[in-house]
Structure formats: structure tokens, C-alpha cells
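Beneath this line is the structure, given in C-alpha cells, with notes to follow.
The values are calculated or read from the model by the stated rules, or taken from the named source; none is laboratory data. Since the model is a prediction, treat every value here as computed from it, not as a measurement. When we count neighbours, we look across all protein chains shown, and the Cβ atoms used for this are built from the backbone with ideal geometry, even at glycine. Accessible surface areas use protein heavy atoms only, side chains included; no ligands, DNA or RNA. Shrake-Rupley method; radii C 1.70, N 1.55, O 1.52, S 1.80 Å.
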Amino acid sequence: MARSIVLLAVIFVLSGCGPGKFRESKVIFDDSYYLEDADNMEFAFSDDSTLTVRQKGIYELSESEEGEPLVRICLDDISRELPEDYNFTEYLMREVEGHIALTLTTEEFSLDANPMFLFPLEGEDGLMSGENFDGTYQIGEGGESYQYIFEKDGSITMRVTERYYADQKGRMTLTDHAGSTKYLYETNGDALILKNMKGDAVLTLIKEADFH
């Protein structure tokens, strides 16, 4: 399951706390990078100071033995030849006042943990239908920075939208509706390395052209 929740972990790395102010970056990046050892995870920097993070995978809609609706999401390396090797994360679904609450069913997590709330944004609101669909959901109540994009072919993309501000002194700030976080950065050939303010590397991004 570890790789299947990589982007969730990255969200916690990228997300800040407290209000953030958007600024135009002094240093402009206009390239796509991929998380080292995870080529289904794209970091697309644009010249308008936007950073869009996408992790692609697959999903399945089914039911539990008790007949409760389930969604199984795999954000793992889906280029493997054997589907049984995919690492799915399974959620129990229930409708609550216009949104859908997802609760992890795996024994590695407590069912008393706070559920993930999804709010329909566009396309079909089809999670509870039991059939694949085209639709986008906002993750959480605070804003549209985090989204799940479901497609009828069984693919799913988890998308995070940030604003970046980088200066010539190797400092970068990433900001979304939840706040902002400061980093140090350095470039090394085709690599962009983000470090915490202590200088420890937290993300190594590589330029590649293999994202599907």
C-alpha cells in the first residue's frame, strides 16, 4: 500500500498552515518533472507560477460482504504486467449531506480516524453508482486545490494545484488554499531537489517524458 498513498504523503509535505499570499515567482520553471522512482507522478511547473501535481492510477467500485459500497484506489506503478501485484487502498463509502465520506477499511488504520470527504465538482457524481464514470471530486472542504478525477476507463488521477514562488537564492515557497510552506531548492542537471529549511532533501524530481 505504501506507493498507493505516495501522493497523500506528498500533500502533507507540500501543504502549509495558515493563510498564504500568491506572488509571481522571480525564478520561472516551465518544465515537467517526475518523482524519483515513481514515473506515474508528474510535477508540472508553469510560467504563470502554477505547480500542478498529478498521480495517475486505477480504481474499482464494488461492495463489501455486508453490501456496503466500496471504492478501491491504486496510485501505484500500474505498468506492471500482473494486476494482482497492484497495491489498492480500499475505502468504505457513505453519503453525508451532499458529499461522500471515505473511510479506510485496512487494518493498518483505525476506523475511528477522520474520514476523507469528497464533494462533486464536475461531470458525473457516480461514486455510489457501482459503475465506472467520468467525474471530478474536490477532496476536503477548504477549497479545490486537491481533486480526484475519475474516468470511465477505470483510470483515476489525483491532482494537487499549488502556486510556487522561487528566488535566485535557492528558496521556494509552495502555496495553496490551506497555506504555504517554505523550502530550499537546487537544480542538478535534469533534477530539481526540494529540501526542508534544515537542508534535508524531501523530494527529488527528475525531468522525464514518460508520463502517460
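Some observations on this one:
- Between E95 and D153, the modelled label-to-label distance comes to 3.0 nm, taking each label 7 Å out from Cα in the direction of the beta carbon.
- Sorting 99-105, 25-31, 160-166 by their mean Cβ neighbour count within 10 Å, with the most densely packed peptide first, gives 160-166, 99-105, 25-31.
- By accessible area with a 1.4 Å probe, ligands and nucleic acids excluded, highest first: order of F119, F43: F119, F43
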